[in-house]
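Participant: Below is the structure I would like to discuss, written out as structure tokens.
The values are calculated or read from the model by the stated rules, or taken from the named source; none is laboratory data. Keep in mind that this is a model prediction, so the values were computed, not measured. Reconstructed Cβ throughout: ideal geometry from the backbone, glycine too, with neighbour counts over all protein chains shown. With ligands, DNA and RNA removed, areas are computed over all heavy atoms of the protein, side chains included. Shrake-Rupley method; radii C 1.70, N 1.55, O 1.52, S 1.80 Å.
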Amino acid sequence: MNIIMFSPQFPPNFYQFCTALQRQQGCNVLAIASTPYEQLRPELRESLTEYYRVRDMGDYDQVLRAVGYFTHKYGKIDRFESHTEYWLEQDARIRTDFNIPGIRSDMIDEMKHKSLMKQKFIEAGVAVAPGKVIHTLEEAREFIQGEAGYPVVAKPDNGVGAAATYKISNDEELQAFFREKPSVDYFLEGFISGELYSFDGLADRDGNPVFYTCHHFSQGIMEIVNHDLDMYYYSLRQIPPELEKAGLATVKAFGLRERFFHIEFFRGSDGKVVALEVNMRPPGGLSMDMFNYANDIDMYYQWGNVVVNNRFDAVYSRKYHCAYIGRKYNKNYQYSHEEILGCWGHAIVYHEPVEGIFSKALGNYGYVARSENWSELQEIIDFIRAKRN
């Protein structure tokens, strides 16, 4: 089986997808990126059958030639994958041009455009906030007055994460938004009051969710980025039934196969679940590793097992609550790194600096902690995030 991994070195922990594939029988692990080969981490280099360096990963012709080279040398390419939102459209174009299984160009719009995502949620029977693509101030006012009311959230219809996303609370802010609005289509959506949850997992080749879990976030990502907050999120050992139902229905409606998924919902105090958006990739940051720490399994390997053999062999029971706690260098924290490890080292399974591109949301330094007991994990979270007066 010939599998091309695009941008295998980024994010940094995703090199483990290649090392996992290398452990599968009969698999050529090929890779394309712009990083010089000698700068790849040793574990990644050792897992690759061959590496092709391009000057510009965004230049489709260069990527096309790289895939053509691998096809000429190894035969038909069976999979092409980057696991990142940024390359989703280019991945789909390559699969279309080389007849590779997976998401193709004719499937991509409903997975990238928030307005089309909303229709798929409705097909799944999941509640959504009122929303509409707007082009003018008059259209926005009409939508707000007739359907949503203030506040509303404005986000690029085709965008990644919380970038260029705004909460608008009155007509003055709406006018200011249109004065500064980037020249892309924006999706206006009614603001939902609730707590942010994600439904995350992996579907096999037949569309069966072979692994899934749930994370609860301290705040919405938009608030974290726009107000420079530090964040934490944690996995639940028991998934709320209404969230599990909505998540599984969404996976089915989108027809996901042989892919990770990251689906975001708001959950109100009454337990009602409202869909936010879906991402056809593993959740970001260290969430892949949190899958493993929470369950004592290896989801990198199991993804490779699904791709190569359409098997998922891991047995999991959500043994631990597992939390990511981020800290930002511009905050005045009460306890030092050494004090954190001295007090909670038995529960902290991983910690590392965070690369700049992710730091607005995840902080500059991150800790992963786990515990069977939620009250202990909450104590750890509070300790790490405690500020000086």
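Participant: Would you please list the contacts, defined by Cβ atoms under 6 Å and residues six or more apart or on different chains, that run from a residue in the range 124-135 that is without any contact (Cβ under 8 Å) to a residue 40 or more places away in the chain and within 7 Å of residue 189 (Cα to Cα) to a residue that is open to solvent by less than 50 Å² (accessible area, probe 1.4 Å) and acidic (Asp, Glu)?
Facilitator: none
Participant: So, of the residues in the range 178-202 that are open to solvent by less than 20 Å² (accessible area, probe 1.4 Å) and among the aromatic types (Phe, Trp, Tyr), which turns out to be nearest to residue 250 (Cα to Cα)? Outline the logic, then answer.
Facilitator: In the first step, residues of the range 178-202 are kept if they are open to solvent by less than 20 Å² (accessible area, probe 1.4 Å); the result is 186-190, 196-202.
Filter again for among the aromatic types (Phe, Trp, Tyr), leaving 186-187, 197, 199.
Details: 186: 23, 187: 20, 197: 14, 199: 10 Å.
Among residues in the range 178-202 that are open to solvent by less than 20 Å² (accessible area, probe 1.4 Å) and among the aromatic types (Phe, Trp, Tyr), the one nearest to residue 250 (Cα to Cα) is 199.
Participant: Could you go through the range 112-132 and let me know if any residue there is hydrophobic (A, V, I, L, M, F, W, C), under 25 Å from residue 265 (Cα atoms), open to solvent by less than 40 Å² (accessible area, probe 1.4 Å) and at pLDDT below 90.
Facilitator: no
Participant: Here's a check for you: in the range 68-97, which residue that is in a loop (DSSP other than H, G, I, E, B) and among the small types (Gly, Ala, Ser) is most open to solvent (accessible area, probe 1.4 Å)? So that I can check it myself, show each step before the final result.
Facilitator: Keep residues of the range 68-97 that are in a loop (DSSP other than H, G, I, E, B), which gives 75-78, 82-87.
Of the ones still in play, those that are also among the small types (Gly, Ala, Ser) are 75, 82.
On the way: 75: 26, 82: 5 Å².
Here the answer is 75.
Participant: Conditions first: (1) assigned to a strand (DSSP E or B); (2) among the hydrophobic types (A, V, I, L, M, F, W, C); (3) farther than 30 Å from residue 304 by Cβ. Residue 224 passes all but one, so which condition is the exception?
Facilitator: The one condition residue 224 does not meet is (1).
Participant: A follow-up question, please. Applying the selection to the range 155-170, what residues are open to solvent by less than 20 Å² (accessible area, probe 1.4 Å), of a type in the set (A, V, I, L, M) and modelled with pLDDT under 95?
Facilitator: 162
Participant: If you check every pair at least six apart or on different chains, which have Cβ atoms under 9 Å apart with a residue in the range 218-232 that is at positive phi first and a residue that is open to solvent by less than 40 Å² (accessible area, probe 1.4 Å) second?
Facilitator: From the range 218-232, the pairs are 228/328.
Participant: Looking at residue 108 and the list (1) under 19 Å from the mean Cα position of the chain (by Cα); (2) open to solvent by 40 Å² or more (accessible area, probe 1.4 Å), which single condition is not satisfied?
Facilitator: (2)
Participant: Let me ask something additional. Please note which helices (runs of 4 or more DSSP H) are completely contained in the range 292-389 and include at least 3 residues that are open to solvent by less than 40 Å² (accessible area, probe 1.4 Å).
Facilitator: Working: elements: 299-309, 337-344, 356-362, 374-385.
Filter on the range 292-389 gives 299-309, 356-362, 374-385.
Participant: Hey, among 116, 174, which residue is closer than 30 Å to residue 77 by Cβ and not polar (S, T, N, Q)? Show your work before the answer.
Facilitator: On the way: 174 fails: closer than 30 Å to residue 77 by Cβ.
Being closer than 30 Å to residue 77 by Cβ and not polar (S, T, N, Q) holds for just one of 116, 174, which is 116.
Participant: Pairs only if they're at least six apart or on different chains, beta carbon under 9 angstrom, first in the range 9-33 and under 28 Å from residue 354 (Cβ atoms) and open to solvent by less than 30 Å² (accessible area, probe 1.4 Å), second assigned to a loop (DSSP other than H, G, I, E, B) and among the charged types (D, E, K, R); list them, first residue then second.
Facilitator: Final answer for the pair search is 11/355; 20/298.
Participant: A further question on this structure: In the range 183-200, what residues are out of contact with any Phe, Trp or Tyr (no Cβ under 8 Å at 6 or more places or on another chain), assigned to a strand (DSSP E or B) and free of Cβ contacts under 8 Å to residues at least 60 places away in the same chain?
Facilitator: Once the filter is applied, which keeps residues that are out of contact with any Phe, Trp or Tyr (no Cβ under 8 Å at 6 or more places or on another chain), assigned to a strand (DSSP E or B) and free of Cβ contacts under 8 Å to residues at least 60 places away in the same chain, the range 183-200 yields only 186.
Participant: Hey, can you tell me all the residues within the range 220-238 that are open to solvent by 20 Å² or more (accessible area, probe 1.4 Å) and either within 16 Å of the chain's Cα centre (by Cα) or modelled with pLDDT of 95 or more (or both)? Spell out how you get there, then give the answer.
Facilitator: Start the filter on the range 220-238 by keeping residues that are open to solvent by 20 Å² or more (accessible area, probe 1.4 Å), which leaves 221-223, 225-229, 232, 234, 236-238.
Those that are open to solvent by 20 Å² or more (accessible area, probe 1.4 Å) and either within 16 Å of the chain's Cα centre (by Cα) or modelled with pLDDT of 95 or more (or both): 221, 222, 225, 232, 234, 236, 237, 238.
Participant: Say whether the condition of being out of contact with any Asp or Glu (no Cβ under 9 Å at 6 or more places or on another chain), at pLDDT 95 or above and not in a loop (DSSP other than H, G, I, E, B) is met by at least one residue in the range 201-209.
Facilitator: Scanning the range 201-209 turns up at least one residue that is out of contact with any Asp or Glu (no Cβ under 9 Å at 6 or more places or on another chain), at pLDDT 95 or above and not in a loop (DSSP other than H, G, I, E, B).
Participant: Identify, from the list 55, 65, the residue that is in a helix (DSSP H, G or I), at pLDDT 95 or above and open to solvent by 40 Å² or more (accessible area, probe 1.4 Å). Quick ask: steps written out before the conclusion?
Facilitator: Working: 55 fails: in a helix (DSSP H, G or I).
Matching residue, one of 55, 65: 65.
Participant: If you don't mind, another one. If I filter the range 34-52 down to residues being of a type in the set (S, T, N, Q) and in a helix (DSSP H, G or I), which single residue comes out as most open to solvent (accessible area, probe 1.4 Å)?
Facilitator: Looking at residues that are of a type in the set (S, T, N, Q) and in a helix (DSSP H, G or I), I get 39.
Participant: What tally of residues in the range 48-61 results from selecting those that are free of Cβ contacts under 8 Å to residues at least 40 places away in the same chain and within 23 Å of residue 284 (Cα to Cα)?
Facilitator: The total comes to 1.
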